[in-house]
1. Can you pull the percent of Cα pairs in segment 358-473 with separation above 19 Å?
2. Given a Förster radius of 22 Å and the C-beta distance between Glu71 and Ser152 as r, what FRET efficiency does 1/(1 + (r/R0)^6) yield to the nearest 0.05?
3. For segment 244-350, just say rounded, prolate or oblate: build the C-alpha gyration tensor, square-root its eigenvalues into a ≥ b ≥ c, call rounded for a/c under 1.5, and beyond that prolate if a/b exceeds b/c, oblate if not.
4. Please flag any cysteine in the chain that has no other cysteine's Cβ under 4.7 angstrom from its own Cβ.
5. In the calculated pair distance distribution of segment 5-289, what percentage of Cα-Cα distances lie above 31 Å?
6. Using 7 Å Cα-to-Cβ label points, what is the Asp437/Asn162 separation (nm, one decimal)?
7. Testing the spin-label approximation: label points 7 Å from Cα along Cα→Cβ at His327 and Asp340. State their distance in nm.
8. Using a probe of 1.4 angstrom, how much of the accessible area of the chain is carbon and sulfur, in percent?
Amino acid sequence: MNNPIKLNQDNLSQLPPDLARPTYDRSRLTTGIVHVGVGGFHRAHEAFYTDLLLQSEDVTQWGICGVGLREADRRMATILKEQDYLYTLIVKHPDGNVETKVIGSIVDFLLGCDDPASVIDRMADPATKIVSLTITEGGYNVDVETGEFDISNPDAQYDVENPSTPRLVFGYLTAALKKRREAGLPAFTVQSCDNVQHNGNLIRKMLVAFARLQDADLAEWIDKEVCFPNAMVDRIAPVTSESDIEYLRTEFNLDDQWPAVCEPFHQWVIEDSFCVGRPDWQNSGAQFVDDVKPYEEMKLRLLNAGHSVLGILGSVFGYQTIGECVHDELFREYLRKFFDIEATPVLDAVEGIDLDAYKATLIERFGNPSIRDNLARICLESSSKLPVFLIPTLRKNLASGGSIRYAALVIAAWCYYSDKHADRHGQPLEVADALKDELHEAAKATSKDRLSFLNIKQVFGDLASESRFTKVYVEMIDRVYGTPDVREHMQAIVHGPITP
Ligand code: CS2
């Protein structure tokens, strides 16, 4: 085989004709969007929608400048720079069909931990109209017990004292907004693209709380001037694997060091609140609505919660991927019943959406045989996911007298997982979680106190004092520690004898 063609701007014209690529003039793009957190999801979602727009309309002001804040982002920074910020999006259809497109909407990348001033300056630049974020559920720095900004976080404390060399996104945004205000520039829009409910309201609350610790007057200006649209984002983007890189090599003779991978489905529902303009993303398929609440709740409590249900139970059982789980009839039934019996009854109706069809589609999407969505990705940072995805449903059912056993088994299995760091066969399970040690300690103490795992207040709040829950939970703990073959307990929940 010929030497593979390295992906970069100069080589675009040499790519095989069946590989789609940007045909717009990237050199004319200015960066109207600064995006913090460039991983697989951003590259399969916002950057994809923006690329579609740049491809179809003559606009030049909406190029994206990617930003990584941490050392862990260095590899992405290096690879994107070497590739002139180009990457291939590999879209895998359930029938085995694969669509590939080189995406050109990212045109720059800055690494905050190397040069914080460059990031602050870029955000403060008059060309920047939107700072968008995928900082993960944990990145919002919420104290789950109080719902307020968690000032006990040492990085947050550092940022309050060191405004020019921040570590967290709040420090960056505050420093950049301060510069804009001093320069008499309008504020930019802060657009969250994370899986949290009312993600715009939440980032507003956390950012204003942080800014207040530095400068109360500035905090007030931010609260008044910055727009924080809420949005629901959706596209399953599994971790890129070596075989995806290899696929591009064999299929297109292309050397792309970090393609992004995703399913064909994509959805973006956004509240139309932008202080200094926005791209016409509706022309590339996004929906602008007045109130995003029903959409986000539906997605978080069904799709994301469904992922966590399968992720945790499947990991302990010894499965590797979401696909493997939904191809097991009992897992699929458990998931569908969790959706129907626990999640749906406490969801608000979504106008124009048929929830039954939505749930059926989710199961189909999860079962896409071309997507290897590893349970390790799903279980990553569970301590910030479950309080958003699963625990709200559990709480609502506690309040309404609804069923709680499907969720209770998941939490008991998560305790086992956190305790043993192994599946039912003793095979090690990786734990990547900011609370890894706390989870491990609390779970280990289960042998002495069966409720000990629930003592992690940042995750469970006061669930340990809900007697209806603890009764079911203890039963699940006894079962899972009796035998970690969770399938047996799932069977008992779905087909009896465990009721209600
Ligand atoms: C997943 C999400 O992180 C998770 O646990 O549920 O990444 C999910 O794949 C996306 O939200 C899909 O839109």
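The values are calculated or read from the model by the stated rules, or taken from the named source; none is laboratory data. Since the structure is predicted, the reported quantities are computational estimates derived from the model, not experimental observations. Cβ atoms come from the backbone with ideal geometry, glycine included; neighbour counts cover every protein chain shown. What goes into the accessible areas is simple: the full protein's heavy atoms, side chains included, and nothing from ligands, DNA or RNA. Shrake-Rupley method; radii C 1.70, N 1.55, O 1.52, S 1.80 Å.
1. Everything past 19 Å amounts to 51 percent.
2. Between Glu71 and Ser152 the formula returns 0.45.
3. It is oblate, given that a/c is not under 1.5 and a/b is not larger than b/c.
4. Cysteines of the chain left without a disulfide-compatible partner: Cys65, Cys113, Cys193, Cys262, Cys325, Cys379, Cys415.
5. 26 percent
6. Result for the modelled spin labels: 2.0 nm.
7. Roughly 2.4 nm, to one decimal.
8. That share works out to 48 percent.
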